Amino acid sequence: MNRIFPQIDIPATVAAAIQDAAAEMLTEKAKTVRPTHRGRGGETLRPGPETPLWNAFAAQVHPLLKSRGEQAKLARLLGLHRQSIHAYFSAGSRMPDAERTLQLLAWLIAKRQGQSPS
């Protein structure tokens, strides 16, 4: 019997079963974490299961854009079309670049503090 931890006395059959279960669990975990789409390196991410931080951020911003004209105001502030804001937060089909994401974060903080984001 191969003992990695001599202070623990586990029969070989139980140890083998635990090792097999651990290996199977790791294999299953690797399948769930693996991205579904493997593009070329440097390719822009799309919103989805592989972007949990963006999903949480978008969920916080979306309610603030419900009022009439809020998407247009934010689009003007970011120098984008209103349709881009819709694609980011309502349709969930696109994500902004890094600079605009930081601008959006600053906008969200200003809105939460009751300040004018412009």
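Here are some notes:
- Virtual spin-label span in nm between GLU24 and SER116, 7 Å along Cα→Cβ: 6.4
- The modelled label-to-label distance for the pair GLU43/ARG94, using points 7 Å beyond Cα in the direction of Cβ, is 1.9 nm.
- Given in Å, the Rg to one decimal and the Dmax to the nearest whole number for the Cα atoms of segment 52-112 are 10.3, 28.
- For SER116, SER90, order by how many other beta-carbon atoms lie within 10 Å, fewest first: SER116, SER90
Computed from the coordinates by the stated procedures, all read-outs in this text should not be read as laboratory data. Predicted model only: the values in this text are computed from it and were never measured. In this analysis, Cβ positions are derived from the backbone assuming ideal geometry, glycine residues included, and neighbour counts consider all displayed protein chains.
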